[in-house]
Structure formats: C-alpha cells, structure tokens
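Here is the structure we will look at.
Please treat every number below as a calculation from the coordinates, not as lab data. All values derive from a computational prediction rather than experimental measurement. Every residue, glycine as well, gets a Cβ built from its backbone with ideal geometry; the counts of neighbours run over all protein chains shown.
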Amino acid sequence: MNALVALCHFCELHGPRTLFCTEALHPPSPSGPQPGAPGPGDRDRDGDREGEGLTMRANSSATQRGEMCEGCRSLPASHPGFVSVDNETGIRFLSHQHPRQPQLFSVVRQACVRSLSCEVCPGREGPIFFGDEQHGFVFSHTFFIKDSLARGFQRWYSIVMVAMDRIYLINSWPFLLRHLRLTIQSLQSTALKVFDNEQGVCPQRAVRMNSVFSPAVFPHQRSGNAARSLTSLTQHPNLWVSLHSSFSWLLKACGSRLTEKLLEGAATEDTLVLIERQTEQAEEMSCWEGAEGVSSRPQQHQSESELGMDFLCDDGKLEGFPGPKFRSLRHLRQVLGAAEFRLLAWHVLMGNQVIWRGADPGLIQSAFTMLKKLLPVGCVRSVPYSAEYEEAYKCNFLGLSPDVPIPVHVSASEFSVLVDVVSAEKGCQCSAAGESDISSLYHFTISSANTQPTDRGPMLLNKLEVALSNENLSVDVVSHCLLCLKEEWMNKVKVLFKFSKVDGRGREDTQKVLALLGATGSGEEDNVRLLKFWITGLSKTYKSHLMTAVRGGERSPSQ
C-alpha cells in the first residue's frame, strides 16, 4: 500500500509538529544489470546510504524552518532512523522524524497541521477523514496524553495515515481504527502511570493554585520544562523502536488485506435473461425426452420452442437465406426513410406488435435482427416467419408470408404496425450487384391505426436518431452508443420497479421518482410507456433477488 503513517504533536511553543514517520519503500522493478552498475548488494547499501542522506537533508531543512524543543523532537538529527525489511516482498519500512523525500515533507506537514487544528471531531478525540486529490487523503486519530506539567494536565497528539487512494483508505477504516486504538491505549495507559506517580510526589494542581499566575512566565513556572518529550511522558526507553514496529506492521497488514482484481463486472440484464431462457429450454427438452412419445411431439410446439430461442438472430443464421439483407440500423433508416423509420422504431420501443409481411424471409429476419437491438432481450418475443397470424401476447415481432390476411381487430388497433414488403418487379432475381440496393428491389408500405404523434417520442429514440444521422460516427460507434443508452434506461427501469412494484408507492411519489430519473418533460408519456414496457424485460433472477432483499430487510432492519 502506497501510504505512510506519522505521529504528530501539538507543541505549546511551536504548534503542530511531526514527531515520527514510517513509510514503505518498494523494491525497484527488475531489469538487466548495466555495464559498470553496482551489484545487488552494493545497490542495497548505496540505497540505504542514499535514503539516510535524503532523510538527513529533509530533517535539516525541517530544522531550518523553526526551532525544535524537546517536545518537538523524537530522534536526534544524527540518528540514522529505523529500517525493517519484508523478506517476502522486499519492501523496506523506514522510520524517522520526517519523510525521506522532501516533496513528502509538505504533504505530511499539512496533514499534521490539519489533524491538530482545523479538522477536529466531536470531543476532540477520535477518528476523522479529510484530504483531496492534490495533497492526499488522511485518516487521522487524535488523542490526549497525560502530563502533570502541561496546560490542562494533558498534551494533544494524533496518528495520521496519508495515502493517495481515497477508496482504499476508506475501506480500511475499521481495520485502521481497531489497531490504532490499541497503540493509542498503550501510550495513554503508560503515560497515565507516570502521571499518577508524579502527582503522588508533587501535586501540581495545589502548586498552581498557590502560585501567582502570569501568562508571560507561565511556561517558566514549571521548572523550565514547558515541552516534555513523549519518551519522558511514558518513561518508555524503547518507545520509538516499538512505534516503528507497530507502524511497519500496520502498513504491511493494511496493504496485504485488500487486493485489486480485474473483473468483468456484474452480468447485464440481457445476459441474465439469455441464461434463464437457455436453462428453461434445456429443462423443457429433458422433460420431452423423458416422456413417452418423443417423436409424436406436436410440430407447432417444437417450432415455437426453437423460434423462442431466436430472440437475437445473428449474422450466421442469416447466411442461410439468399437475397439482400439489412446490415445495420442506419442502413434500415436509409432504406425506409427517416420519418418511416422513426414511426417503426417508436412502435418497437413502446412494445407494440411489429408485423412484416413479404415473400423474402431472409430480408424480414434481417430487419428483425436490427430492430431487436432497440430492446432489452427480455422484451423480445419473436416469430421470424409464419404462415398464419400470431397474437400480440405471443410475439411482438411477427413475420408473415405475403398471402396471410391480417385480422380486422389487429389492423384497427393502435398497438400494432404493419410493414408490407412488395417486390418492385415481379419475378425479379436478386443478383449480387443488386443485393446492396434494397430500395430498388422492394417497396415498403408502413401502416398503423395509431394517430398519436411520434415527433416528440421518448428521449432514447431522440438520442439514437441524432447518432444515426451523424455520418461522422461509424456503425460500431452507433452500436456502442445504443448499448449505453439501453443500459442507462435499464437502470431507470430498475429504480422504477423497486419504487412502484416492490415498495408499492402511490402515484404522487412515483411521479416524483420519474422527475428524478429525468423521464418527465417533453415526451413524458412516451418515456413512461417505455419504462413500463421495459419492466417486463427484467430477469427473474433480478426480481427474485430484489424481493428477497426487501423481505430480509423487513425481517431484520439491522442487516
């Protein structure tokens, strides 16, 4: 972990000061030896001497910043400091009064000043977190040490951990708090024994009550010992060695308890639905194989099962169909026209039944392949090509042969749209040269009983059309843009489902949530219809998990 730990003290004469600092030095990256370069052993010895030199320079520059009294100093300037080496990782832990790198001096100095002056928690004792990206983030724990000669009979200290990784430091909060409190309690208990002994010999409270108080000479009224060192307060001869061991172990343990792993991320709703459908199909097939009369299974049921899995017809399946095909949503929009494509896409997003009727099943399946990309997988129910009409509750994408009549109640319904594909010339054979020009081979007629204007439409459709109309964006970029839009709106769907279906909130509260989700304003009715339709596409796994979590929260609020 790239962090350092420091013990800070608020001196009555010089203000906040850093007493002791421990940092971790990682080994250099392995590289081949250069001609004339020192060997590994020489490099280590030179590194130690160089580290000590940097430490001395840092300490000397710190000394020049202001005088240091006994209470501001831990180790003398001539002291080499303490070094511990982790044999497993090769990391060295160096401890001295100040960091070995001069640029870290100001970072630790600022953390020291803020922890003992402006950043104060309630009661002045306890943990607190502060910092920024420029100067690092700080976990600070302030505490008092008893001193019979100090003002108020106690001195103010803090232990700070400085790191640039805010998330790592916050996640380590319980661990740091638990182990730093052990170190603080050990210091306080040791100093309390010394304080009790000194008070037993000469009670300072009575002495101060009987003496004449003068602010100018107050520090000199305590036998000239206004600033006492922490070693003097605890009477611990190996105090700094003990702190070095404690801080070194803390850095090592804190760095090894949490590790970073590269993960693919949580499964999307489309992936969960695909897995569920594949599992259901496998279970259905096993049931049919285990039953008697497998060969006599109804052909209609078999075709529906096979077509039910065809909710994302890929290019590989379309290769078996000759003739022209739609290559992308942009291509489909260019062939149909901007206004006709918007009408068709609006019906798709609203969950209405989209019917394509024509003699070319490959062309119809390619159109469905493009249009299915507008919806989550869970919202797609497709019958690519059929010799008879299928009701809307069975499929929202239906391909029909040209001679199939449309029922009157369907053609008069505003919840359906019909696309008739008519050949431009009867008996025209599609050549290789003509495959790319669908508009010259077919005429497309789109009809619907819906009279609601689609010019406003849902916000997702408006953003998609902006991307499709921008010729500077490639087809792959538009596909990624559509994927991001779908994920954005699926997140809104999840919030709406949790709020309205699981929690059972009223209409007024639901309207507030819709406003928070940005689904109100222009095209509000279409946005709400889209969200309600997409709720049907949520996976059973997500719904079950959400309901279980809610019930578990009701049973045990503490969880």
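Annotations for the structure displayed:
- Estimated D of segment 109-151 in µm² per second, where Rh is the Kirkwood radius over Cα pairs and Stokes-Einstein applies at 10 °C, 1.306 mPa s: 139
- Rounded, prolate or oblate (a/c below 1.5 giving rounded, otherwise prolate when a/b exceeds b/c) for segment 88-128 by Cα gyration tensor: oblate
- In a fully extended conformation the segment linking N491 and R124 would gain 127.9 nm over its present Cα-Cα distance, using 0.36 nm per residue.
- Note on S440 and N2: the extension gain reaches 151.1 nm, defined as 0.36 nm multiplied by sequence separation minus the Cα-Cα distance.
- Relative packing of peptides 528-538, 406-416 - highest average C-beta neighbours within 10 Å first: 528-538, 406-416
- Shape call, segment 356-407: gyration tensor on alpha carbons, a/c limit 1.5: oblate
- Eligible lysines near K543 by straight Cα distance, threshold 20 Å, same-chain separation 8 or greater: K486, K492, K494, K498, K501, K532
- Spacing of the two label points (7 Å from each Cα toward its C-beta) at Q101 and A282, in nm: 5.1
- Take the Cα of A424, step 7 Å toward its Cβ, do the same at R505, and the gap between the two points is 5.4 nm.
- Overall form of segment 477-526: oblate. Here a/c, set by the Cα gyration tensor axes a ≥ b ≥ c, is 1.5 or more, and a/b is not larger than b/c.
- Partner lysines for K252 [C-alpha distance under 22 Å; skip if fewer than 8 residues away on the same chain]: K261
- Sparsely packed GluC sites (Glu not before Pro) within segment 89-171, loop by DSSP, other Cβ within 10 Å at most 13: E133
- Straight-line cross-link reach from K146 at under 29 Å between alpha-carbon atoms covers these lysines, not counting any fewer than eight positions away in the same chain: K193.
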